[in-house]
There are 2 protein chains.
Amino acid sequence: MAQTNPSVRIARAPQGLPTREDFALVDEPIPVPAEGEVLFRAVYMSLDPSMRRKLPGPQGAPGPLGGTQRVGDLMIAGVPPPSLGYMSGLVGQVVESRHPDFTQGDLVQGGCWWQHYQVVQGHSLEKLPAETKLSEALGLLGQHGFVAWVGMRNIGNAKPGETVLVSAAGGAIGMIAGQLAKADGARVIGIASGDKVAYVVDELGFDACIDRTNEDVGEALDRLCPDGIDVYFDNVGGQVMLAAYDRMADFGRIVICGMASEYNAVELPFGASLRPVLRKRLRIEGFVVYDHYADQFAEFQAEMKALIAEGRMKYRIEVIDGFENAPEALARLLDGRNKGKMIVQLAPDPTG
Amino acid sequence: MAQTNPSVRIARAPQGLPTREDFALVDEPIPVPAEGEVLFRAVYMSLDPSMRRKLPGPQGAPGPLGGTQRVGDLMIAGVPPPSLGYMSGLVGQVVESRHPDFTQGDLVQGGCWWQHYQVVQGHSLEKLPAETKLSEALGLLGQHGFVAWVGMRNIGNAKPGETVLVSAAGGAIGMIAGQLAKADGARVIGIASGDKVAYVVDELGFDACIDRTNEDVGEALDRLCPDGIDVYFDNVGGQVMLAAYDRMADFGRIVICGMASEYNAVELPFGASLRPVLRKRLRIEGFVVYDHYADQFAEFQAEMKALIAEGRMKYRIEVIDGFENAPEALARLLDGRNKGKMIVQLAPDPTG
């Protein structure tokens, strides 16, 4: 019997948080690479809040958040072709190569579907250095780390003694953003929920962390940031963003990195006046990490590896076992009940 | 009989647009400078939309816009002490000096009241170069020019071929902001009203100008900016800001310079979602010009003088004759019925 290729297709449009029934675990043929293509097997897949945005809306129409997927489609991980490897949410190993740059066994990042085996154009595949630890490649040293770094370096630009606020502080990006600000000498306050609150302070070394489920965020900010917030690294949008906005210090920077609280909803109007942007000389800026790979990825990795070597950069990963458990994990992630960066394991890790 | 000192005090809190009856033209004694002080006589006073913000609210309470003035106070021009000369809205000549840096006849910028004669601390007075044309010192080569320059240079940063939109394009700041963008090689669209629409295109050389009183601004922007707006230099806020925001191109910059449309009202919530800031990698940034004098004013003046010499920087001034006509002029200015930068003439111009 031929080896099978476990895959996930969209069974129906989710109502609110996705459930197991919104996805169908199916078996598909293992694809065969043509000239210039590579077949690879995924070891880990990143689970990300932004996956919710890509799911279809009611009646199978594209989702309210710009999602382009429809019922019946393979579920997406990362960005579809012709994207390049660094936009992929999967890492694994080359099984068969018909491209001169790749050999069986190479560690790679690429592909864009919830599938064990995928064929991609060789030029769009990212070869990972031989010393790569695959479980880090999707997080600390990969896209999530780079997102945090680009946001803090290009926009946040925290100076020693400044107060930096990070929402979703126990999440894949927030963990890193806060530690980068600490490395810059800033005072760092997190916002998180559940057991992540203690983790962020005790293990990651944030100066304080607000429990958004048990505390009034605005009151806690008044207490913890009496001189205002110099940098707000926003991963959530919504009411938490508004509470931070009201408390920005003069010359404050708001890094618009994600809007997890709004991924389940239509776009909400920003319920505040922009006049403080003028009065306080604020800067509100968004970014998309893919714009910066060519220019800054090498610089990011060098800095990150140095911080890891010095013991100044910690990271928590929650490994989910197989596609069977991925939908429930995605719902927990969207609900803030993850324990650190979530990755789905699809095959034994040769670098673990 | 002693020489008199015509002055304007606030007679009552304005309802909406200010009227002549909201102000009292009074005579006051000419103050006598103490050691370290200078008495000067104003030649011109700048009229600015932001003056509305400083007026008191109903029942004489501070205004809804943060105004700190009360009924009975001298009306303010510029920023009150201990501000420095460049924050003043008045230019004139030294009448009597008890400060070693100043001599009778010096051209200066300083003071902060609607008064002909004012005493100021010498260290807070700004001496203007002997070749200064006083009518330019408050506009093109002074604060308004500098505001436009700082906003375009530090935030807008227009590149050749980009599309730049300027609201209040026929106003004191908009005229300059648009011409600076033209000098940078950008395509520049204005929004204005009345006879300023034709002036902006025919005299200032903007590529087009939308008449906000006779056109649907959104439809006109769709037509004139089919590839989106790269830089929006916002002088007005409100609905015009929202129309521009909806049409920003990726990597667009919104320069928050003023909110004239809101100076008569309480702060309005920004009626759009911030999600496009993320999706389009937008930057929304405010600034206050006083932060930049020390670092950049000399650079600004050098660039501006070169542009004037090359005939690439034009400017229209509407001179108002005396305090008697200033309240009505302020109302016209707030209503967009000015013809260029408004200044009030209080004495013969020795540099005219």
If I go through region A:320-352 residue by residue, how many of them are assigned to a helix (DSSP H, G or I) and of a type in the set (Asp, Glu)? 2
So, of the residues in region A:205-259 that are under 18 Å from A:Ile155 (Cβ atoms) and among the small types (Gly, Ala, Ser), which turns out to be modelled with the lowest pLDDT? A:Gly258
Residue under question is B:Met152, and the condition is that it be touching a Leu at 6+ places or on another chain (Cβ under 6 Å) and touching a residue at least 40 places away in the same chain (Cβ under 8 Å); does it hold? yes
One residue is enough: does region B:25-36 have a residue meeting the conditions within 24 Å of the chain's Cα centre (by Cα) and at pLDDT 95 or above? yes
Taking region B:310-331, which residues are hydrophobic (A, V, I, L, M, F, W, C) and in contact with a strand residue (DSSP E or B) (Cβ under 9 Å, 6 or more places away or on another chain)? B:Ile317, B:Val319, B:Ile320, B:Phe323, B:Ala326, B:Ala329, B:Leu330
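Yes/no per residue for (1) away from chain B (no Cβ under 14 Å); (2) touching a Lys or Arg at 6+ places or on another chain (Cβ under 7 Å); (3) on the phi > 0 side of the Ramachandran plot; (4) buried (at least 23 other Cβ atoms within 10 Å of the Cβ):
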residue	(1), (2), (3), (4)
A:Asp234	no, no, no, yes
A:Gln239	no, no, no, no
A:Arg247	yes, no, no, no
A:Cys257	no, no, no, yes
A:Ala272	no, no, no, no
A:Arg279	no, no, no, no
A:Tyr290	no, no, no, no
A:Glu299	yes, no, no, no
Residues of region A:271-302 classified as touching a Phe, Trp or Tyr at 6+ places or on another chain (Cβ under 7 Å) and closer than 30 Å to A:Val79 by Cα, total: 4
Does region B:306-319 contain at least one residue that is in contact with a Cys (Cβ under 9 Å, 6 or more places away or on another chain), assigned to a strand (DSSP E or B), more than 10 Å from chain A (Cβ to nearest Cβ) and surrounded by fewer than 19 Cβ atoms within 10 Å (Cβ to Cβ)? no
Quick one: which of B:Gly110, B:Gly122, B:Gly178 is touching a residue at least 12 places away in the same chain (Cβ under 8 Å) and under 18 Å from B:Tyr199 (Cα atoms)? B:Gly178
If we keep just the residues of region B:30-44 that are among the charged types (D, E, K, R) and farther than 9 Å from B:Ser97 by Cβ, which is surrounded by the fewest Cβ atoms within 10 Å (Cβ to Cβ)? B:Glu35
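Taking region A:115-133 as the search range and keeping residues that are in a loop (DSSP other than H, G, I, E, B) and of a type in the set (A, V, I, L, M), which one is nearest to A:Gly85 (Cα to Cα)?
First, the residues of region A:115-133 that are in a loop (DSSP other than H, G, I, E, B): A:116, A:125, A:128-133.
Checking which are of a type in the set (A, V, I, L, M) leaves us with A:125, A:128, A:130.
Details: A:Leu125: 5, A:Leu128: 10, A:Ala130: 16 Å.
Checking each candidate, the answer is A:Leu125.
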Please give the number of the condition A:Met175 fails out of (1) surrounded by 24 or more Cβ atoms within 10 Å (Cβ to Cβ); (2) within 19 Å of A:Glu303 (Cβ to Cβ); (3) touching a strand residue (DSSP E or B) at 6+ places or on another chain (Cβ under 6 Å). (3)
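The values are calculated or read from the model by the stated rules, or taken from the named source; none is laboratory data. Keep in mind the model is a prediction, meaning the values are calculated, not measured. Neighbour counts run over all protein chains shown; Cβ positions are idealised from the backbone, glycine included.
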